[in-house]
C-alpha cells in the first residue's frame, strides 16, 4: 500500500538493476518531482546536500513501492524485490548497480543510514505485493507500519540531522500516524485489490467477519472499527507534535510539514465519515500552499 502511486512500474523506467550510470542527482530529483507528492516540497526545504540525499531515498521508496503496487505476477514482483535486496547489499559494499542505489552512495556514507531499515522497507513492499493482504491483529498492524513507514522515517531522520534516539522516536510516532491515515484513506482502493489492512481481530471484536474486504467495508459496524484506528492515528500525531517541539525547528521542517498535511487529512476523513467513502478526501491546493508557507518557512 503506497502513499502516492505513479503510473509506471520500476521495470518500465530508465535505471533498472543493470542500467548504465547517468546523472544520479538529476534523476532522483526528477522521480520525486514526477510523483506529484507533497513530500517533494517538504524535501525541497532542506539544505542542498541533505535535499539530494532525501531525493535519493524517496526515489528508492518509489521504485520498490511501484513494484509492489504495479501489475504483474507475484513471482515476478518477488524476483524484482529480491534484486533490490541484492543491490542494497552491493550498495553497502560500495558497488551498487541500480541508478537509484548509486545515487544513495553518498547518503549512506555521510549519514550512516541503516542497511537493516532498507531491507525492512523491501520486506514491507513484499507484504503489499501479495495477491491478498490481511492483517491479523494490532501487533501485526504495528509491524506493517514499521516496515513501510517507520523504517523510512529512521532512514530520513539522520539526513535531517537528528540524533539516533530522537530520530527513532520521531520516526515511530510519525510513521504510524501517516500510514494509519493512508490505510483509512485508501480502504476501497485497497479492497478492490483484495487488500484489507484493518486488523482481523478488531473486525471480529465488532462482530464483522473479516474474510472479504468488500463485505467487511459494507458492514455498517465498520464505522466503529475505523473510528478506533483513527483515534490511534490521532494519538500518534499528538506524540509527534510533542517530539517535534523538542527538536531544532529548522531540522524538522519536512517532518512538521508532513504531519500537518496528514493530520488535516485525517480530520477531514473523520468529519466525512466512513459510510461516504466514495467522496475522495484530499486537501485543497490553497490549503496545501498555506501549510507549506506556514510550516515550511515561518
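Every read-out reported here was derived from the displayed coordinates using simple, explicitly stated rules and does not represent laboratory data. Please read all numbers here as calculations on a predicted model, not as lab measurements. Note: ideal-geometry Cβ built from the backbone for every residue, glycine included; neighbour counts use all protein chains shown.
Rg of the Cα atoms in region 132-276, relative to 2.2 N^0.38 Å, amounts to 1.09. The modelled label-to-label distance for the pair residue 278/residue 44, using points 7 Å beyond Cα in the direction of Cβ, is 3.6 nm. Pairs of Cα atoms nearer than 8 Å and 6+ residues apart set the relative contact order; for region 146-294 it is 24 percent. Across region 48-91, the volume of the C-alpha convex hull divided among the residues equals 51 Å³ per residue. Applying 1/(1 + (r/R0)^6) with R0 = 35 Å to the Cβ-Cβ distance of residue 74 and residue 245 gives a FRET efficiency near 0.20.
Here the gap between residue 30 and residue 140, fully extended at 0.36 nm per residue and compared with their Cα-Cα distance, gives a gain of 36.1 nm. When only Cα pairs below 8 angstrom with a gap of at least 6 residues are kept, region 104-154 shows a relative contact order of 49 percent. The listed peptides 160-173, 106-119, ordered by packing as a protection proxy, come out as 160-173, 106-119 (highest mean of other Cβ atoms within 10 Å first). When the P(r) of region 108-157 is calculated, the portion above 18 Å amounts to 34% of the C-alpha pairs. Centroid-to-centroid, using Cα positions, region 197-229 and region 87-145 are 30 Å apart.
Looking at the square roots a ≥ b ≥ c of the eigenvalues of the Cα gyration tensor of region 40-194, which shape do they give, rounded for a/c under 1.5, prolate if a/b is larger than b/c, or oblate? Oblate.
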